[in-house]
1. Return only the number of the condition from (1) in a loop (DSSP other than H, G, I, E, B); (2) within 30 Å of T43 (Cα to Cα) that G170 does not satisfy.
2. Here is a list: G180, G160, G170. Which entry is in the same structural domain as L138 (by TED's automatic domain parsing), under 30 Å from T380 (Cα atoms) and at pLDDT below 95?
3. Please go through segment 243-258 and give me each residue that is at pLDDT 95 or above and touching a Leu at 6+ places or on another chain (Cβ under 9 Å), ordered by number.
4. Find all pairs meeting these conditions: Cβ atoms under 7 angstrom apart; at least six residues apart or on different chains; first residue within segment 370-393 and in the same structural domain as L358 (by TED's automatic domain parsing); second residue part of a loop (DSSP other than H, G, I, E, B) and acidic (D, E).
5. So, in segment 183-205, how many residues would count as being part of a strand (DSSP E or B), of a type in the set (V, I, T) and surrounded by fewer than 20 Cβ atoms within 10 Å (Cβ to Cβ)?
6. Condition check: under 31 Å from the mean Cα position of the chain (by Cα), aliphatic (A, V, I, L, M) and either in the same structural domain as V280 (by TED's automatic domain parsing) or farther than 26 Å from L97 by Cα (or both). Does L220 satisfy that?
7. Taking the conditions exactly as written (in the same structural domain as T366 (by TED's automatic domain parsing), assigned to a loop (DSSP other than H, G, I, E, B) and either more than 14 Å from I330 (Cβ to Cβ) or in contact (Cβ under 8 Å) with a residue 12 or more places away in the chain (or both)), does T212 satisfy them or not?
8. Considering each residue of segment 357-368, count those that are surrounded by fewer than 24 Cβ atoms within 10 Å (Cβ to Cβ) and closer than 22 Å to I297 by Cα, and give that number.
Amino acid sequence: MNFNIHYRLLILTAICCLPFNLFSQGNLATKNTKEPTALVGGTLHIGNGKVITNAVIGFNNGKISVMGTTDSINLDSGTYQIFDVTGQHIYPGFILLNSLIGIQEISAVPQSNDTNEEGNINPNLNTAYAFNSESDYLPVLRFNGIFTVETAPVGGLVSGTSSVMKLDGGDWEESLYKFGAAIHINWPNSMRSSFDEATLTTQLKPNSSYNTNIEELKNLFNQAKAYGKEVNKVPNLKLQSMQGLFNGTLSLFIHAESPKEIIESIQFSKEMGIDHIALVSAESALLVKDFLKEHKIPVILPPTHSMPDQDDMDFDMRYKLPYLLAKEGIVVAISHTGMLSNSINLPFYAGVAAAYGLDREDALKTISLNAAKILKVDSTLGSLEVGKDATLFVSEGDALDIRTNKLTHAFIQGKRMELEGKQQSQYKQYSKSLGHNE
């Protein structure tokens with residue numbers, strides 16, 4: 001009897017020591033194939049505004065090796081595994097900016113949230129370390145062509161540092177694409193709203209903490225600049241983590257709401273010697289478009305599937321906002337806010353922008369090349385060009401149209417992706433057990 005108990009305990013211990021990924025079949029991303037591959041006959045949307053019909057695109061060792069038309073390129077079938085995608089569309093993998101993907105699972109469950117740290121100033125906190133590569137959101141995002149995310153922190157004056165993560169990997173290190181993309185700051189509001197029960201109206205009042213918060217930011221940035229010039233430094237993680245802002249390896253993402261705050265925050269950043277700046281805002285960006293254009297500030301916009309902030313604005317302001325800014329020469333990208341599960345709608349946000357004035361290939365840029373430029377990864381990501389990463393997919397129809405977006409092939413750095421998530425596997429499982437589709 002004792003031998004039997006010990007034997008069972010030994011088996012149980014062995015099972016518990018197996019890699020967790022073996023039990024997480026719903027999020028296995030790859031087919032472990034990275035052989036030379038070519039897609040032939042489709043319509044190639046490069047991501048830079050250009051389109052190639054009857055296209056050929058081949059890739060090897062994770063990089064795009066050949067690209068052109070079927071008339072100009074003859075591929076060796078002995079070298080490349082060739083997929084005929086005639087009548088279909090080839091796109092660069094979409095990029096989701098300013099996202100909580102990987103650091104939040106269920107918003108109402110504190111144990112699954114790693115988005116907001118204690119304290120008001122946390123530039124040294126990098127989201128890469130907290131990224132959950134087993135998140136149930138990842139296979140769903142891949143299913144719609146979203147292969148890369150900027151996982152960003154929230155809260156406080158200085159929220160922390162974001163990193164760029166690819167949606168393929170067994171842990172955060174395998175998923176890491178760029179460690180340290182941008183430091184996110186929340187510029188304080190100069191006004192605060194309060195509800196007056198006597199008049200049943202919302203009133204705006206000056207924020208008494210505004211100047212104090214600005215002074216706190218000035219002191220922080222001045223200390224960081226001085227720290228960078230010191231020879232014999234006393235280690236300071238917060239100040240050390242900010243050095244990339246001054247040498248160009250890090251960007252500064254400013255979250256600001258009103259025109260006054262947008263202008264003051266950008267002027268502040270320029271005075272501090274920071275060149276790589278992006279604005280995370282909404283309709284207020286349109287009111288200072290000339291200022292943004294003058295300083296070459298790209299804008300990260302909220303979803304087009306949303307209503308404007310102010311009641312007196314056009315109901316379709318969010319629909320046409322990308323076009324209104326882009327036509328002024330401002331680089332525009334679209335992100336997601338709100339319920340995290342709706343992040344899968346990113347390509348359809350761009351589709352709405354196309355329906356409201358933006359050229360369709362320019363709309364594609366808002367979730368591909370423009371996003372890559374803002375993250376400073378456009379040398380390898382965001383468009384389909386020889387030498388860049390083979391992060392791309394094939395759709396039966398227009399990937400920006402919810403009715404025709406249907407992926408047939410997907411690759412991240414040349415590695416073929418499984419497009420089946422938990423929902424698809426369960427559909428097959430229960431269809432079989434219930435006798436459906438027989």
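The values are calculated or read from the model by the stated rules, or taken from the named source; none is laboratory data. Every value quoted in this text rests on a predicted model; they were computed, and no experiment measured them. Heads up, the Cβs are rebuilt from the backbone with ideal geometry, glycines too, and the neighbour counts pull from every protein chain shown.
1. (2) is the only condition that G170 fails.
2. So the residue among G180, G160, G170 that is in the same structural domain as L138 (by TED's automatic domain parsing), under 30 Å from T380 (Cα atoms) and at pLDDT below 95 is G170.
3. Q243, G244, L245, S251, L252, F253, I254, H255, A256
4. From segment 370-393, the pairs are A372/D378.
5. Residues of segment 183-205 part of a strand (DSSP E or B): 183-186, 191-196, 201-205.
Pick out the ones that are also of a type in the set (V, I, T) and you get 183, 185, 201-202.
Retained after the next criterion (residues that are surrounded by fewer than 20 Cβ atoms within 10 Å (Cβ to Cβ)): 201-202.
Matching residues across segment 183-205 total 2.
6. Numbers: under 31 Å from the mean Cα position of the chain (by Cα): yes; aliphatic (A, V, I, L, M): yes; either in the same structural domain as V280 (by TED's automatic domain parsing) or farther than 26 Å from L97 by Cα (or both): yes.
So L220 fits the description; yes.
7. Values: in the same structural domain as T366 (by TED's automatic domain parsing): yes; assigned to a loop (DSSP other than H, G, I, E, B): no; either more than 14 Å from I330 (Cβ to Cβ) or in contact (Cβ under 8 Å) with a residue 12 or more places away in the chain (or both): yes.
Considered against the rule, which asks whether it is in the same structural domain as T366 (by TED's automatic domain parsing), assigned to a loop (DSSP other than H, G, I, E, B) and either more than 14 Å from I330 (Cβ to Cβ) or in contact (Cβ under 8 Å) with a residue 12 or more places away in the chain (or both), T212 comes out as no.
8. Residues flagged as surrounded by fewer than 24 Cβ atoms within 10 Å (Cβ to Cβ) and closer than 22 Å to I297 by Cα within segment 357-368 amount to 4.
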